[in-house]
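See below for the structure under consideration.
The values are calculated or read from the model by the stated rules, or taken from the named source; none is laboratory data. In this text the structure is predicted, and so the values were computed from the model without any measurement. Neighbour counts are summed over all protein chains in view; Cβ atoms, including those assigned to glycine, are modelled from backbone coordinates with ideal geometry.
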Amino acid sequence: MRLLRLLRPVPVLLLGLLLVLPAARPALARDVTVFVFGHSLIHHVSDSETTGIPHWLALMARAGGHGLRLDGAWGFLPDHARALPPQPQWSFPGVERAWTEGGGSFRMAGFDTVILALPNFLQDAPPDRTVHEAPALDLARRILDWSAGQMDPARAPRLFLYEGWPPLRGHQGLFDRFPPDARGFAAWKARSAGPYMPGMRISWPRCASGCPAATSA
């Protein structure tokens, strides 16, 4: 099991670069089959498919000559933790799917990459903050432990955490008015690239299936 990594959407296309561009991370330049435990910041329903991150991942994969199959489900940590195994809920024009409802099991779909999107309201919270019923870290561990146990070790599967972004205003924010001036926006971008979620900068406990401790990326 590959190391679990922390991803951020600043820029949002970082995830696509990690998946499909050899220069970004050679070990990840391959065809991938992805399941996303996500929410509306990953798949934002609108009149255009361009508001969904998977749309852009598929375009970049195609441009890089790599294959991408992707499925996902909506929910926050408690929802995903209660709904194991998940059910595929997403589809996008131009994005190939690996799994459809009634089309076999999660394991049979052959996922080699799982992405867990953290709730955006945990930006400034410690990992043991209770989310409805349990600490966020425990809920995330439950989801990732289960996922790790469903994937074939021979395919070098990977687990990712998809972070949000630092708040713009109010508590923990960098400025009081919106939009910010150029200096304020530059400070926000710098914070986005730094450890603004220190609570998640921890060694991830060993997964039940034996994946090693996590590092941030």
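With respect to Pro85, determine if the residue is touching a His at 6+ places or on another chain (Cβ under 7 Å), within 28 Å of Arg141 (Cα to Cα) and touching a residue at least 24 places away in the same chain (Cβ under 8 Å).
Answer is no for this residue.
Only one residue in Ala73, Ala136 is buried (at least 17 other Cβ atoms within 10 Å of the Cβ), modelled with pLDDT of 90 or more and on the phi < 0 side of the Ramachandran plot, so which one is that?
Going through Ala73, Ala136 in turn, just one is buried (at least 17 other Cβ atoms within 10 Å of the Cβ), modelled with pLDDT of 90 or more and on the phi < 0 side of the Ramachandran plot: Ala73.
Of everything in region 27-47 that's polar (S, T, N, Q) and either assigned to a loop (DSSP other than H, G, I, E, B) or surrounded by fewer than 20 Cβ atoms within 10 Å (Cβ to Cβ) (or both), which residue is modelled with the lowest pLDDT?
Ser46
With respect to the numbered conditions (1) surrounded by fewer than 21 Cβ atoms within 10 Å (Cβ to Cβ); (2) out of contact with any helix residue (DSSP H, G or I) (no Cβ under 8 Å at 6 or more places or on another chain); (3) at pLDDT below 90; (4) more than 18 Å from Gly110 (Cα to Cα), which one is the sole condition not fulfilled by Ser91?
Result: Ser91 passes all but (4).
Tell me which of these Ala81 doesn't satisfy, since it passes every other one: (1) among the small types (Gly, Ala, Ser); (2) touching a Phe, Trp or Tyr at 6+ places or on another chain (Cβ under 9 Å); (3) more than 17 Å from Tyr162 (Cα to Cα).
Every condition holds for Ala81 apart from (3).
What about Pro153, is it out of contact with any Phe, Trp or Tyr (no Cβ under 6 Å at 6 or more places or on another chain) and at pLDDT below 75?
Here the answer is no, as Pro153 does not meet what is asked.
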